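These notes concern the structure reproduced below.
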Amino acid sequence: MKIAIAGSEIIDRGHAYVPQMRALVGNNLIASPGARAVIRRRSGAEEVLLHRRRDFGVWAMTAGSPLIGESILDCLRREVFEETDLRVAAWRCFGFSSDPVREIVRYPNGDVLHCYSLLFEVELEDEALGGVDMSRIAAETTALRWFALNDLPEMIDNHRWSLDSHIGFLSDGVFRVS
């Protein structure tokens, strides 16, 4: 499907926005909307599923930017599947993060991105990691693991803030915005 941008340019729906912008601006700062997922066990156990990112080499939440023409919920479902090989069963939104102090990130390749992320709590259809095809997700993920909330590994700073915000949301029900 083709969609119009600014009334004149026509682009194909489903293409990735960030790589298109990178082709125009190189490593310079770009702003990007996104979805970030705290994946929790359905059983209520105080554990979250994290993946070790190939680019940063540390643990992170599942997150990413929508494709052109994609809704934020479709982005959430796609990113969870792309980074974990698992499917979303249920979700609820608990916050929004855009504070430039935390959300302007320099990637190991030099790219700079200002993330504007809607934060979601997610439950999966199937929590078993034994059936995950690691070769399918290897482009972004080197490992998947459930972590207790009181024993989290080193994480990307803005993802750690998002996880801490989720813990606060669980205790008081207040939507977090930064």
Of the listed residues (His114, His159), the one being touching an Asp or Glu at 6+ places or on another chain (Cβ under 7 Å), of a type outside the set (A, V, I, L, M, F, W, C) and on the phi < 0 side of the Ramachandran plot is His114
If we keep only residues of region 99-129 that are more than 17 Å from Arg160 (Cβ to Cβ), at pLDDT 90 or above and of a type in the set (Asp, Glu), then the residue most open to solvent (accessible area, probe 1.4 Å) is Glu125
Listed by first then second residue, the pairs whose first member lies in region 116-143 and is small (Gly, Ala, Ser), whose partner is open to solvent by 60 Å² or more (accessible area, probe 1.4 Å), with beta carbons under 8 Å and at least 6 positions apart or on separate chains, are Ser117/Pro33; Ser117/Phe96; Ala138/Arg54; Ala139/Arg54; Ala143/Arg52
With the structure loaded, tell me whether Ile3 is open to solvent by less than 50 Å² (accessible area, probe 1.4 Å), modelled with pLDDT under 95, over 19 Å from the mean Cα position of the chain (by Cα) and of a type in the set (A, V, I, L, M) or whether it fails that test. yes
Restricting to region 101-160, name every residue that is assigned to a helix (DSSP H, G or I) and not small (Gly, Ala, Ser). Val101, Arg102, Glu103, Met134, Arg136, Ile137, Asp157, Asn158, His159, Arg160
Name, by its number, the condition in (1) open to solvent by 50 Å² or more (accessible area, probe 1.4 Å); (2) at pLDDT below 90 that does not hold for Ile11. (1)
Would you pick out the residues in region 130-153 that are open to solvent by 50 Å² or more (accessible area, probe 1.4 Å) and either of a type in the set (S, T, N, Q) or touching a helix residue (DSSP H, G or I) at 6+ places or on another chain (Cβ under 9 Å) (or both)? Ser135, Arg136, Ala139, Glu140, Thr142, Asn150
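The values are calculated or read from the model by the stated rules, or taken from the named source; none is laboratory data. All of these numbers come straight from a predicted model, not from anything done at the bench. Backbone-built Cβ (ideal geometry, glycine too); neighbour counts: all protein chains shown. The accessibility values were calculated without ligands, DNA or RNA, using every heavy atom of the protein model including side chains. Shrake-Rupley method; radii C 1.70, N 1.55, O 1.52, S 1.80 Å.
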